[in-house]
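Down below is the structure, laid out as structure tokens.
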């Protein structure tokens, strides 16, 4: 069931992104799991369409099995022992979906392999930095091997399970039915949860710093006495380091009200001034109440000065969602994880909370207006 759930997640994610691409210009969320730019542009949609269909097709027997089991129950017929028995009742169909799945994976593996090699080449040359040097493409490769390995085993298996007709086997069949459906749903939810979580560590901990017009530090809690919380201290310090290293010309501090009378952006500005950043190089966005407003307002500040590139600085788990938002803007943006002074006390909660936030931003991205 893990193999079919993984295949369904990757397949449906791919097909959904392909369906939205012609409707929403510039929307290409498949880049989040595979970079197919090594292929000629005219081949990319076709290859991903074939692979998306192949992966999704591999998971469809679960739906048919559930429907057949429900129908037999309503007709008071003996339940099917399990999904394997159901599939062996249709050998030609089983061989077809397994072969299509294997072909789909074989098409994807070279692309994913190039992605992995390219990632470590960039690390080696110093074009990117990573505190968690694990390529997300390597996890994708492992994820593809799960259904592919199961498909190969299915093709090699020639023993047909015996259909049970006794009441005892019927009870086992219903138990297997409930167990299989629950397992399928569980593994599917795991895929939905683990995908953004892996992005937080693999993408979030990758440092894409390069020359840009401004570094944008995203706000976080400022205490009533004006002290910076750990999160906002790390973000502000990293932004100042980028300025002092010559990567950017401006610093943009974005945030909302603090716990007391001191605004988050004012506290961040004071830190930068104390560390040698000239006041005329600091821009404030006091209306940056969330990720979307920060990106929108920062882009407007840059465009008003004839600039359009930014380095987004925040805590690692926040960066995938920031990148999703930047992709809707008229600005060019790269992400830089804040250098951590210590591990956040509530980090597990922040990671858990970020998962639904990631999917929410993904779901609204195709339909939200672009920022200018």
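Values in this text are rule-based calculations from the coordinates and carry no lab data. Keep in mind it's a predicted model, so treat the numbers as computed, not measured. Reconstructed Cβ throughout: ideal geometry from the backbone, glycine too, with neighbour counts over all protein chains shown.
Remarks
- Spin-label pair residue 360-residue 134: with each label point 7 Å from Cα along the Cα-Cβ axis, the two points sit 2.7 nm from one another.
- The relative contact order of the stretch 208-364 comes to 26 percent, based on Cα pairs under 8 Å that sit 6 or more residues apart.
- Residues residue 28 and residue 116, FRET efficiency given R0 of 22 Å [Cβ-Cβ distance, rounded to 0.05]: 0.65
- Modelled spin-label separation between residue 181 and residue 300, with each label point placed 7 Å from Cα along the Cα-to-Cβ direction: 5.0 nm.
- Full extension of the chain between residue 107 and residue 353 yields a length gain of 85.1 nm, computed as 0.36 nm times the residue separation minus the alpha carbon distance.
- Each label was represented as a point 7 Å from its Cα along the Cα-to-Cβ direction; for residue 155 and residue 95 these points are 1.1 nm apart.
- The listed peptides 255-261, 322-328, 244-250, 97-103, ordered by packing as a protection proxy, come out as 322-328, 97-103, 255-261, 244-250 (highest mean of other Cβ atoms within 10 Å first).
- Extended-chain gain in nm, criterion 0.36 nm per residue less alpha-carbon gap, residue 249 and residue 50: 67.1 nm
- Cut-off 20 Å, label 7 Å out along Cα→Cβ of residue 343, residues of the stretch 222-257 by amide N: 230-235
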